[in-house]
1. May I ask you to verify whether residue B:710 is part of a helix (DSSP H, G or I), under 30 Å from residue B:799 (Cβ atoms) and within 14 Å of another protein chain (Cβ to nearest Cβ)?
2. Can you give me the ranges of the helices (runs of 4 or more DSSP H) entirely in chain C with at least 3 residues that are at pLDDT 80 or above?
3. Please pick out the residue among A:41, A:50, A:54 that is under 28 Å from residue B:664 (Cβ atoms), crowded, with 16+ Cβ neighbours inside 10 Å and either touching a helix residue (DSSP H, G or I) at 6+ places or on another chain (Cβ under 9 Å) or at pLDDT below 90 (or both).
4. Condition (residue is more than 15 Å from residue B:128 (Cβ to Cβ), at pLDDT below 85 and surrounded by fewer than 17 Cβ atoms within 10 Å (Cβ to Cβ)) applied to region B:376-394: is it met by at least one residue?
5. Can residue B:672 be described as modelled with pLDDT of 80 or more and surrounded by 12 or more Cβ atoms within 10 Å (Cβ to Cβ)?
6. Does region B:205-213 include one or more residues that are surrounded by fewer than 19 Cβ atoms within 10 Å (Cβ to Cβ), touching a residue at least 40 places away in the same chain (Cβ under 8 Å), within 14 Å of chain C (Cβ to nearest Cβ) and more than 27 Å from residue B:126 (Cβ to Cβ)?
7. Considering only residues that are within 7 Å of another protein chain (Cβ to nearest Cβ) and crowded, with 20+ Cβ neighbours inside 10 Å, look in region B:220-230 and name the one that is nearest to residue B:319 (Cα to Cα).
8. Of the residues B:161, B:116, which is at pLDDT 85 or above, in a helix (DSSP H, G or I) and closer than 25 Å to residue B:250 by Cα?
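The values are calculated or read from the model by the stated rules, or taken from the named source; none is laboratory data. Predicted model, so just to flag it, every value in this text is computed and none were measured. Cβ sites come from the backbone with ideal geometry, for glycine too, and all protein chains shown count toward neighbours.
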């Protein structure tokens, strides 16, 4: 069974692009487009990898990550964070919160795929 | 014999004139360095030894043994302890340019002329009998030579007095020196000092070795005489020592030579041992002469004339002549200096104030004051010597006069508490000094002076007191009967004087000038350098530096001086005290202490001059301005507080702006990167994608196209906003109807979206004024508002109502839709950049309303969100006619 | 312009010496008063004291005081620049 990637992102075009390249690579892709209930969705879906945007409506990616790491069930769940806010303090913040990998938009498709492969150690 | 005597006297006087004249000449030619030598200073102090001491000491010793020596021991102790009092007096004298003891007291207590007059009167009363005493000693000594009455005593006294007055006037009032120094007089006095010492020593040597046969026999003669036993009254011994020491400081003539004529503080160093030596030599042979006189001369001889009658009786006419000249010297030098000192006091404290008051409304010519001073001094000298002569004439030159010496001492000594208190105690003030002087002087008059005149009081008065009040008996005040009359008077006058002075100072309050003078005088060492130690310009600069440091603070003063050094192109850290620099410094100091004070301080430091009356007056005026000044200070401090608050809020604003800028950049970055991400990603997919369906390919290409358009629009908006915010926008002012503008805007929106569902209602009054403004920009705002309504209105059948009306010189256009509107909490920042309401994803970057706000502001109007409507409602208000701001 | 600061180690002992001389000068007149008053306490047992003895004593005291003063004043004369507070402050600083 293929591993599941949960994509939490609010830009429809980016969702479509990422879904396309990840599916083509053989991953099961699930998407979610707001921050409000992101944590519940993660708990319910138990994805092998979470791809998380920072600027989300309702709840920021940082808050989602923080809550995730506090939850014993998700402490070691791989999280790949993507953000359009490319400031170093955002990277520091994410690393402090325990992100698995941090990438800045725009990204090349191969970079994302490499990162996903690495995190799911295929 | 008498003719010879008078001839010798005249010759002596003429030679004195010559010496004085020559000294003045030398001084004027600037060759007076040795005139100001410490030895001359020491010798000039010898006017303490008057004719009374020259002749009278022997008489005193013949009557009461060793007691006479207290008269010399007191001044010796004062000189030996010069570091305590004399050093300070001399320093003050120079720093404050003191001209007399009355001037010192008056200066110290706030230039109080009342005190000056009081001390002057006291000095005249105390000195007049003493001058009479000198005249008497001269006439008596003349009488010792000639028993016949060829020359009446009174005539002789008159001639002597006239001669002395002439000398004093010629050499004492010839010029007006700021320092009141008289080289001619001082020189003549120094010569006389040597003459009288030599004369007395010559007589003494003659008596010891020529008459009595050596030191051993002298001692045995003393033991055999009637003064062989030491039985002095202890009270008198101590009291007289104190009295003579105090009088040494307070006698006007002594103050004149000690302080006023002092040219260099260093002279005190020499005088401090040389003058006690002089006094010791003066008294060394007194007892032997007295003993020899008692032994050799017939019983009943006047012991006061032993100095003359001993050589005469032993047929040593030349020696007697020498002794006579010695006595003559003693008497004349005292009269000259005393009359000079008193004349200075009279002219400065009595004549000048009256003259200034009298001529207040007259135009004063240059040199007028100087002329008046000289004339008044000449008359004062005449007046004082005449007063002495009259006193001598009236008292008849009897024995009563002999006792007047110590009485006179006790009188002038009343100044002592005010003087010592004044120079050592800052708390001393005018009220206390005046009260103390009056009390002391009154007690002295009552208990000592009046009784000394002989028959002023009746026997009953003396025995029972006035009106029978026993404790007011003149010679037994408060029932103190066991004291010698002199000690009694001295004890009560000095103690009550000092007590009144103390209490008066404690309970009253000094004026500002008094306090300033008090500080200047008591702390005289802090701001007046020694004369010799401060030679050279560098030292002067150093002095200025110290002063500047005290006032401006060390750092600032150093910076100031350093800057000046560089300015002058010098090295080190002290600049030359050029006039320019002094002016700069004075200005700097004036900022801290006031102009008058600064001027006075600089003057004192640089010129060694003291604070003048004018300076002091200005200081007093400044004190009056303190109130106003402090008010101004308060105002300034309030202003400062305000400024500080403004600065703080400005700082907060700046911080906020900086945070906003960061947030803005972050936002811009986000808004740019997001479409870029899609574009990049799909571009890669298309590039790599072999297995894409045609449908997918065109879809992905259109996404790339849309995101590119979004990116472009974002950049346009950002540029637009930037231009608007920086005020660089060029407005294209034109006139047009609101209706037309709105129609065009609606048409534009519809053109972008042909499938638009929204119904638009337009209610524009027909008579609405045409607008004169940038119609394109205003249309941009309308388009924005209409398309916002189109995007966000979520009603089933969306509807936008546009209405307009006139309000004064403005036109108001409202845009109200029938959607859910904007939540209250978001309304505050919808006009901010990148503001987005709710979770709507509309592809806009959130710059639209921010741009609208900027445009309307440029057009001089306002865009607001209208609450109270069900849907979203915006109001645009712009002036009918645009006015450039 | 002369250099203003002088080597401190050199100045201090002289300064100290001069100040002690001043202390001595201050005490001198008090010692004088005491010595001059001393003959008043002589001969309490009823024997009369000789004037000549007192005279010799007083003149002796006089001369000693003058000599002491001469010596101390001469020392001060050399150091006087450091004795005023205003002057000494510049050498401290």
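1. Answer is yes for this residue.
2. On the way: elements: C:8-37, C:51-79, C:85-92.
In chain C, the matching helices (runs of 4 or more DSSP H) lie at C:8-37, C:51-79.
3. Checking each option against the conditions leaves just A:54.
4. No: zero hits.
5. Taking the combined requirement at face value, the residue satisfies it.
6. No, region B:205-213 contains no residue that is surrounded by fewer than 19 Cβ atoms within 10 Å (Cβ to Cβ), touching a residue at least 40 places away in the same chain (Cβ under 8 Å), within 14 Å of chain C (Cβ to nearest Cβ) and more than 27 Å from residue B:126 (Cβ to Cβ).
7. The first filter runs over region B:220-230 and keeps only residues within 7 Å of another protein chain (Cβ to nearest Cβ), leaving B:222-223, B:227-230.
Applying the additional criterion that residues be crowded, with 20+ Cβ neighbours inside 10 Å yields B:222, B:227, B:230.
Working: B:222: 23, B:227: 26, B:230: 31 Å.
Among them, the one singled out is B:222.
8. Numbers: B:161 fails: at pLDDT 85 or above.
Among B:161, B:116, only B:116 is at pLDDT 85 or above, in a helix (DSSP H, G or I) and closer than 25 Å to residue B:250 by Cα.
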